[in-house]
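The values are calculated or read from the model by the stated rules, or taken from the named source; none is laboratory data. These figures come from a predicted structure and were not determined experimentally. Glycine also receives a Cβ, built like all others from the backbone with ideal geometry; neighbour counts cover every protein chain displayed. The accessibility values were calculated without ligands, DNA or RNA, using every heavy atom of the protein model including side chains. Shrake-Rupley method; radii C 1.70, N 1.55, O 1.52, S 1.80 Å.
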Amino acid sequence: IWAPARPCPHRRSTERLPCAMAFLAELKGAGGGVGKLKSVPKEELRDRSHANTSLSGKDVLEDEADRWKYFFNSGCEAWFTDIKEHTFRSTFVKLKREEASIIVDHWEQRCRVAAAAESEGRSADRELEELSSKAMQELEPLGKLLGKAIDEECAASAAGLAFVKLSTRSPKDSRKALAKAEVAYQQRLAAAPQEVREDDNERWKFLSEEVTRAGAVASGEEGLTLLLDSARVFEDLEYALRGPKLPDGVGSGAPGDYNVSLVARAWDPRLTLQSEFRGIAWGGKLTCLCQYFHPLYFEGLQGLQGQIEKDCLALFSTPAVGAAVRSLGGHCLIDFAWLGSGEVIIVELNPFDGVCLGTFPASTGLFLWDNEQDQAIMKGDAPFEFRIRSEKLSQPALKVQCNLDWRRIIYNETKA
């Protein structure tokens with residue numbers, strides 16, 4: 001949703017594929033120079049463009065195999081059983097290696113097609129649709145299994161919907177979902193009072209809500225469509241199939257180590273943007289907490305910090321959550337949904353290794369791993385802190401927090 005976190009240096013980014021040409025085209029469309037750039041107040045800058053020399057030592061190079069195992073062994077199946085009474089219903093679907101390969105191959109083919117069309121100045125829509133149809137046909141058995149899982153979860157959802165993801169990450173970057181969200185956003189904006197239409201913070205809320213809703217599915221076909229349309233899904237599956245790099249720079253591709261599945265989770269309409277909070281666990285201890293949608297200001301959160309902190313800490317202290325955190329080695333990102341006084345559920349747990357996984361600003365929110373004081377808090381070497389945004393960000397500050405597609409929708413910024 002926000003400016004994307006940089007991939008772990010050991011993972012092959014989609015930037016190495018021809019899709020990078022589309023990114024360059026976006027830069028060109030943005031003006032190609034400094035004329036259209038806007039300054040951001042110094043106090044609102046969170047620049048990470050400098051080299052992080054702390055990541056250059058042998059630790060990053062020599063422990064990739066362990067990090068690879070940690071990443072894939074930290075998926076939903078690792079912690080779901082421990083906290084099933086405190087999280088969403090979930091149904092797991094086995095994803096075979098050959099099925100994962102179809103998804104990976106599909107993404108690489110569509111990148112090549114899109115790049116060729118971009119260079120030739122023509123539309124790739126027809127070719128991309130044909131590629132998608134071909135992949136859907138090849139994945140028909142998987143689609144049927146996923147459809148059954150989605151049916152189960154939809155039946156348990158008050159909204160009759162489900163959320164689909166890999167056991168690792170979700171397809172929340174799907175452009176098809178964004179296109180659907182954009183239509184709903186424009187409709188809401190047109191019906192909103194003028195003062196809301198002119199409020200950047202409120203417009204970002206509208207789009208955030210619609211993007212979240214656009215990720216809800218009611219069938220296996222809808223679920224597969226999102227999975228095939230996600231760079232995040234491609235990255236995780238390509239990395240899973242390739243395995244960690246060997247000394248010669250080639251991935252191990254060890255068949256026995258492949259550990260990825262699909263997950264359908266019951267959609268809970270009680271969750272709102274302001275109800276979600278991200279915590280960081282280090283050494284088995286919850287060290288800090290902040291609002292999940294960190295660039296936004298929520299008037300409704302002001303004055304509730306004490307109760308929210310109390311309730312989240314209480315849930316974290318239960319034996320079930322402790323066991324789940326230990327299954328990730330004691331270090332993890334843990335997302336809470338606060339539904340009211342004394343009512344908290346856990347959304348999910350994600351890996352956090354203090355070196356690469358989970359350490360980027362898009363993951364750590366209102367805390368920065370590169371900031372010495374913040375890192376001390378995150379590692380439990382300083383007192384616990386709970387942070388929420390106390391005022392709205394300026395327009396320039398919001399823009400640098402968010403990606404080009406969202407800026408186009410919110411500010412009608414066009415691409416050449």
* Structure fact -> In nanometres, the difference between 0.36 nm per residue of separation and the alpha-carbon distance of Ala179 and Gln109 is 23.1 nm
* For the range 126-197, just say rounded, prolate or oblate: build the C-alpha gyration tensor, square-root its eigenvalues into a ≥ b ≥ c, call rounded for a/c under 1.5, and beyond that prolate if a/b exceeds b/c, oblate if not. => oblate
* Asked: Expressed in nm to one decimal, what extension gain is obtained for the pair Asp381 and Ala116 from 0.36 nm per residue of sequence separation less their Cα-Cα distance?
  -> 90.2 nm
* Apportionment of accessible area to carbon and sulfur, the range 49-205, percent (1.4 Å) -> 51
* Kirkwood hydrodynamic radius of the range 305-386 from all distinct Cα pairs, in Å? -> 13.6
* Please report, in whole Å, how far the alpha carbons of the range 71-199 spread along each principal axis, starting with the longest. => 50, 47, 28
* Looking at the range 318-416, which chymotrypsin sites (Phe, Trp or Tyr not before Pro) are DSSP coil and have at most 14 other C-beta atoms within 10 Å of their C-beta? -> Phe384
* Asked: How much net charge surrounds Ser101 when only the other residues with a Cβ under 12 Å from the Cβ of Ser101 are counted, with Lys and Arg +1 and Asp and Glu -1?
  -> -3
* State, to one decimal in nm, how far the label point of Asp199 lies from the label point of Glu299, with both points 7 Å from Cα in the Cβ direction. => 0.5
* **Loop-resident sites, the range 125-198, for GluC sites (Glu not before Pro), counting at most 10 other Cβ within 10 Å (DSSP)** => Glu198
* Structure fact -> Of the listed links Lys245/Lys285; Lys69/Lys180; Lys180/Lys245; Lys310/Lys392; Lys176/Lys245, those spanning more than 29 angstrom between alpha carbons are Lys245/Lys285; Lys69/Lys180; Lys180/Lys245; Lys176/Lys245
* Å² of accessible area per residue within the range 114-226, as computed with a 1.4 Å probe and no ligands counted -> 50
